[in-house]
Amino acid sequence: MLRLCAVLVATLAVIAAPALAEVTTGQERDIYILENEQMRVEVDAAGGARVRSWTLKPSGREVVALWNGAQEDGGALDDRAVFTAQRYDGAITRTGPDVGILRFEASDRSGLSLVKHISLSAGSPTLRITWTLSNGTQAERTLWIRNFLLPGTQPQTDAHRYWISAEEPADGAPDAAGYFQATEPNVMALWDEQTGDGVMVHAPGVDRFYLWRGSREHPTFEWIYEPLAPGQEITAEAALVTVEGETTAPDWAALAEEHAADLRGPRLAAVEGWVDEA
């Protein structure tokens with residue numbers, strides 16, 4: 001009897017113990033998955049390696065405002081415009097449990113090529129992305145990231161508010177729109193005060209932020225780097241930090257410092273073998 005009681009106590013202790021934080025990865029044909037206790041992210045390699053679904057936990061609310069398929073506009077992390085609907089070669093390069101990393105690569109006959117890494121750590125509310133864009137063309141190109149993100153209530157309401165660090169900043173503005181010349185700490189955030197859900201990008205060295213507000217169903221949330229000269233390669237890093245159920249507006253600069261202080265600014269290099277045909 002004593003032994004049976006000991007076994008029961010041990011079993012109950014295991015059941016009651018909190019689950020260890022971990023991240024899992026998966027692949028279902030062209031769909032690659034990152035998941036932890038904070039979120040689940042699905043990336044469609046056949047549709048420009050864009051995020052087609054991004055749900056927050058535990059609410060299950062969707063952050064992506066628009067997705068009609070791999071060949072249509074929508075999703076998040078759109079490497080516009082050449083690669084928007086292009087098929088990427090995808091791979092899971094780290095499966096967890098501490099960190100999950102996805103790698104995507106695509107090239108265009110014009111001479112452009114792009115490698116994108118998307119990573120998620122156990123217990124983290126932060127999606128990290130690194131791009132390397134190689135401009136093997138004879139003209140300037142730009143790394144421009146478009147996202148159809150709308151945390152919380154959908155469609156958009158006046159309870160959605162924007163924060164942007166810029167020469168003409170936005171500080172909780174519901175009507176922010178257009179281009180913003182970025183300044184330190186290079187953050188842009190969107191928060192829904194009805195649900196307390198929000199998303200922030202921290203993009204060191206970014207040139208401009210852009211908000212297209214032509215639709216309440218699917219507004220955009222974009223950032224743009226400086227033009228890349230022919231024969232040059234840029235490596236840029238950014239982090240998307242989520243919040244859920246916050247009763248007051250977060251301190252976005254503090255979140256960037258907490259979750260993405262180690263991000264580096266853009267680095268330039270020469271494209272190997274490039275020839276100036278001008």
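Some notes on this structure:
- Correct choice for mean projected area of the Cα convex hull in nm² that was computed from the model, options [x] 19.4; [y] 21.4; [z] 17.8: [z]
- Distance from the stretch 114-136 to the stretch 174-213 (C-alpha centre basis), Å: 19
- Residue order, fewest to most beta carbons within 10 Å, for Lys57, Lys116: Lys57, Lys116
- Ranking of Asp262, Asp79, Asp108 by neighbouring Cβ atoms within 10 Å, starting from the fewest: Asp262, Asp108, Asp79.
- Based on DSSP H segments of at least four residues, each scored -39500 (n - 2.57), the chain has a per-residue ellipticity at 222 nm of -2500 deg cm²/dmol.
- Using alpha-carbon coordinates, inclination of helix 2-16 to the longest axis of the chain, degrees: 30
- Value of relative contact order over the stretch 201-278, rounded to a whole percent, pairs C-alpha under 8 Å and six or more apart: 37
- Computed from backbone phi, the HN-Hα couplings of the stretch 97-112 come to x, 7, 9, x, 10, 10, 10, 10, 9, 8, 9, 10, 5, 6, x, 8 Hz, rounded to whole numbers (Karplus: 6.51 cos²θ - 1.76 cosθ + 1.60, θ = phi - 60°; Gly and Pro given as x).
- From phi via Karplus (6.51, -1.76, 1.60), per-residue ³J(HN,Hα) for the stretch 214-228 in Hz, x at Gly/Pro: x, 8, 6, 6, 8, x, 10, 9, 10, 9, 9, 9, 5, x, 9
- Sequence ranges 244-252, 58-66, ranked by mean other-Cβ count within 10 angstrom, highest first: 58-66, 244-252
- With both labels modelled 7 Å from their Cα along Cα-to-Cβ, the Glu105 to Gln194 distance reads 4.5 nm.
- Length-normalised contact order of the chain in % [C-alpha pairs under 8 Å, at least 6 apart]: 15
- Largest GNM mean-square fluctuation across Val241, Val23, Val82, computed for the chain with C-alpha springs under 10 Å, falls on Val82.
A short reminder: the numbers here are calculations on the coordinates, not readings from a lab. Computed from a prediction, not measured in an experiment: that's the story for all the values here. No Cβ is skipped: glycine too gets one built from the backbone with ideal geometry, and neighbour counts run over all protein chains shown.
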